[in-house]
1. Report which label in [x] 35, 23, 18; [y] 29, 19, 15; [z] 27, 20, 17 holds the value of semi-axes √(5λ) of the Cα gyration tensor in Å derived from the coordinates of this structure.
2. Would you work out the relative contact order for the chain, in percent, from Cα pairs under 8 angstrom that are 6 or more residues apart?
3. Once you mark the trypsin sites (Lys or Arg not before Pro) that are in a DSSP loop and have at most 12 other Cβ atoms within 10 Å, what is the longest gap between them in the chain?
4. For every helix of n ≥ 4 consecutive DSSP H residues, a contribution of -39,500 (n - 2.57) applies; sum these over the chain, divide by its total residues, and give [θ] at 222 nm rounded to the nearest 500 deg cm²/dmol.
5. Need the C-alpha centroid separation for the stretch 63-82 versus the stretch 93-136, integer Å.
6. Between beta-carbons, use under 15 Å as the cut-off and find the net charge around residue 40, counting Lys and Arg +1, Asp and Glu -1.
7. Just to confirm the filter: which GluC sites (Glu not before Pro) across the stretch 7-75 are DSSP coil and have at most 13 other Cβ within 10 angstrom of their Cβ?
8. Suppose R0 equals 45 Å. What FRET efficiency, 1/(1 + (r/R0)^6) with r the Cβ-Cβ distance, do residue 78 and residue 150 give to the nearest 0.05?
Amino acid sequence: MAQDQTTVFTIGHSNHSSERFLALLHGTGITAVADVRSVPQSRRWPHFSRARIERWLADAAICYVFLGAELGGRPEDRTLLREGRPAYDLMAATRSFQNGLDRVLAGAQRYRIALMCAEREPLDCHRFLLVSRYLHNRGAQLRHILTDGSIESHQATEVRLLRQTGVADEPLFNELSPPRDLIDHAYDIRSGRIGRARPPAGRS
């Protein structure tokens with residue numbers, strides 16, 4: 001498999017109508033959606049509940065697969081929690097998670113795949129902070145579909161991550177080639193905030 005040719009998109013369903021969501025997918029040429037929600041239901045937006053979205057995606061000739069058991073952000077296994085909160089590093093080390101990444105990478109050879117979760121903003125969602133991070137480590141190119149239909153490169157999202165977490169020191173920060181250790185630190189800080197854990201000392 002030529003991993004440098006593997007591209008995976010991500011998208012948040014947010015509060016979109018089904019018509020708007022389909023327009024975003026069609027605008028990017030998506031042919032398959034991988035649902036990475038742990039619980040594929042939405043009381044506020046019931047058209048995104050699994051039984052319904054699977055049906056209307058099929059009507060639009062877009063495949064649907066549920067990968068929440070492998071790549072969801074809320075593990076049932078309590079050994080994957082710290083102080084009752086998801087520990088992304090522990091989750092990423094599991095065989096189940098790695099199998100989920102394998103399925104995405106294999107599927108991306110046949111389909112133009114978008115990983116779907118609920119949050120509109122990638123920085124607020126485990127699809128970026130957990131799944132995309134480790135797909136990128138395995139050679140995939142990530143592209144994030146934003147609510148206005150624009151596509152943000154993974155590198156650009158990581159630059160926003162560095163700025164948002166305060167890790168980037170403005171005078172020294174080279175956004176064309178940010179140091180990997182700074183990026184990893186920013187992921188860890190932001191993941192802690194998403195999990196509502198206390199941030200590291202010196203960070204707000």
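Rule-based calculations on the coordinates, nothing more; no lab input. None of these values were measured; they are calculated from a predicted model. Because the Cβ atoms are built from the backbone with ideal geometry, glycine has one as well, and the counts that use them run over all protein chains shown.
1. Computed from these coordinates, semi-axes √(5λ) of the Cα gyration tensor in Å corresponds to label [z].
2. Numbers: 279 pairs, mean separation 57.7, N = 204.
Once divided by the residue count of the chain, the mean separation gives 28 percent.
3. On the way: sites that count: 43, 44, 110, 196.
It runs 111-195.
4. Rounded to the nearest 500, the figure is -10500 deg cm²/dmol.
5. 11
6. Details: positive: 37, 43, 44, 50, 52, 55, 74, 127; negative: 35, 54, 70, 76, 119.
In short, +3.
7. On the way: sites: 19, 54, 70; in loops: none.
Loop-located and lightly packed - none at all.
8. Numbers: r = 39 Å, r/R0 = 0.88.
After rounding to 0.05, the efficiency reads 0.70.
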